[in-house]
Protein chains: 4
Amino acid sequence: MRRILIPIDGSPASIKAAEKAVELSKLINGELIFITVVNMPSEDKYAFFGMNVEQQFTINRKEMIDKLVQEETKMLSIVVRNLDIGNLKEAQKIIVGKPAEEITKCAAEEKIDYIFMGRRGFSPVERFFIGSVTQKVISSAPCPVVVVNG
Amino acid sequence: MRRILIPIDGSPASIKAAEKAVELSKLINGELIFITVVNMPSEDKYAFFGMNVEQQFTINRKEMIDKLVQEETKMLSIVVRNLDIGNLKEAQKIIVGKPAEEITKCAAEEKIDYIFMGRRGFSPVERFFIGSVTQKVISSAPCPVVVVNG
Amino acid sequence: MRRILIPIDGSPASIKAAEKAVELSKLINGELIFITVVNMPSEDKYAFFGMNVEQQFTINRKEMIDKLVQEETKMLSIVVRNLDIGNLKEAQKIIVGKPAEEITKCAAEEKIDYIFMGRRGFSPVERFFIGSVTQKVISSAPCPVVVVNG
Amino acid sequence: MRRILIPIDGSPASIKAAEKAVELSKLINGELIFITVVNMPSEDKYAFFGMNVEQQFTINRKEMIDKLVQEETKMLSIVVRNLDIGNLKEAQKIIVGKPAEEITKCAAEEKIDYIFMGRRGFSPVERFFIGSVTQKVISSAPCPVVVVNG
């Protein structure tokens, strides 16, 4: 059974990539693993400037991550429900961290065969760019990356 | 007088770029405009999935932006204080928005002659990449962009 | 039947991509179309500077293209012979032009379902780059592009 | 005296970059070094496939390089003549090799302070791309790279 990783950020391109992944998975009896990565600016860099970050910043950051994880979990389940995945096996993961790093790490740990990604995330204006997360995943992935135009 | 825009995200590359900008500005009597852009995941995308984002999410987001603006303002003033700018004229801006868009907009509005940027932001691992903000600014800037390796 | 386009420039990454394409094609009964694009500096730009290019330049250019087409045709047939394609249907094309443009055009004309490409061409040193031909094909392809690390 | 390197491929963007370089050089008494790199497909890769390249290929390749060097030398001198460089010191170099590598090597050897380059070479269609030579020079240059939109 082929294992397919599908990073979802909610962008039309990521959903189009999911549709293409489902289409191929039906032909090869693939197993679908959806992943959404929640990222938040960290306070690490301020230490470098000798700054004491206010305690409230750290508290807010944790609360914000919790809220984002909640909303992204809901969003991911809606995305998957809207796909016509039939009897394909599927799993959903929400991870906190840097998107490209977490996607690459997940691909290695889960012995993924193909990663399906949108060419770019939320930047409809910049329509010729390859999104920075997609670029980084292409450059470091342990398996082929299928890039889908949204 | 030449006007020089210097986006600062606190990364070593952005500080190296600032040093190079100061060096050139002393030769050409440049005026320095430092800019830091605060970005936060927005709830806009969830509407697309018919989700009602909890009110608490929106409240947290606003608080998080306020805290980030405070911390980034402190950081930017420390960065500028640590530069040896002598008698050069300077200004500091903190803006909330998407980094590349705000930098490009500021360059147009302020009739900037040169933008000095680090090649990449906070990704020491990916040392051959051109950071995505730098890529986007290069592609849309109304003036030359001086890219400095950190 | 799924139609798979495989641009080959002779680089290890392009051959690895071909192997991955064959592997998938066996699962989905794919049809393989191999393409090699021969590119040569043209004299067009010199006209812009009011230069009369020597006739000998144009003659040399044509001869050089002929020789390259001969060598690339041999190379492509060796590449395909070395792949274990079994009973899969295959075709080989040598085209003179700009690589990314010709690959994209071919994908549209041949109603291709997937393009399999190496992440980069002949630049082993720059191992984190996405090659410029691959970047351009990703940005303009009418179908998903499977990017394979060499 | 500041040393400015200006790679010229004849594209409008490279000429615009040259104009910006001249403008700055007049303010800082810069010295201008123009460089054009001639590149030709080599036969090296065919050996990998056990192919004996016909002797005629090698002869044609050498002749083609000679012709290109002649034409590019003429083109570069026309480009420089059309610039309003006043009393600035200048030199012109034509080098055979891979463009990004030779530009980076030249920047190191000549102790260059700034490289001025067009954002992209000859691909007006792909107007949002950073050209691959420019990308590579940005990533490996020993000095700041000033990227100019054509």
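Restricting attention to segment A:2-49, and to residues there that are farther than 17 Å from residue B:46 by Cβ and among the β-branched types (Val, Ile, Thr), which single residue is nearest to the chain's Cα centre (by Cα)?
A:35
Determine if segment D:84-98 includes at least one residue that is within 24 Å of residue B:118 (Cβ to Cβ), within 10 Å of the chain's Cα centre (by Cα) and at pLDDT below 95. Working first, answer last.
Restricting attention to segment D:84-98, the residues satisfying the condition of being within 24 Å of residue B:118 (Cβ to Cβ) are none.
Scanning segment D:84-98 turns up no residue that is within 24 Å of residue B:118 (Cβ to Cβ), within 10 Å of the chain's Cα centre (by Cα) and at pLDDT below 95.
Restricting to segment D:35-76, what's the tally of residues that are in a helix (DSSP H, G or I), out of contact with any Ser or Thr (no Cβ under 9 Å at 6 or more places or on another chain), within 8 Å of chain C (Cβ to nearest Cβ) and of a type in the set (A, V, I, L, M)?
2
Kindly provide the set of residues from segment C:132-150 that are surrounded by 21 or more Cβ atoms within 10 Å (Cβ to Cβ), within 11 Å of chain D (Cβ to nearest Cβ) and in contact (Cβ under 8 Å) with a residue 40 or more places away in the chain, ordered by number.
Correct list: C:133 only.
Of the residues in segment D:1-34, how many are outside any helix (DSSP H, G or I) and hydroxyl-bearing (Ser, Thr, Tyr)?
Here is the first cut: in segment D:1-34, the residues outside any helix (DSSP H, G or I) are D:1-11, D:29-34.
Of the ones still in play, those that are also hydroxyl-bearing (Ser, Thr, Tyr) are D:11.
Of the residues in that region, 1 qualify.
Check off (1) in contact with a helix residue (DSSP H, G or I) (Cβ under 8 Å, 6 or more places away or on another chain); (2) closer than 25 Å to residue A:2 by Cα; (3) in contact (Cβ under 8 Å) with a residue 60 or more places away in the chain for residue C:90 and give me the number that stays unchecked.
Here residue C:90 clears every test but (3).
Do you know which residues across segment B:41-75 are in contact with a Pro (Cβ under 9 Å, 6 or more places away or on another chain) and surrounded by fewer than 16 Cβ atoms within 10 Å (Cβ to Cβ)?
B:48, the sole residue that qualifies.
The values are calculated or read from the model by the stated rules, or taken from the named source; none is laboratory data. On a predicted model such as this, the values are computed, not experimentally measured, just so you know. With ideal geometry, Cβ positions are generated from the backbone for all residues, glycine too; neighbour counts draw on all protein chains shown.
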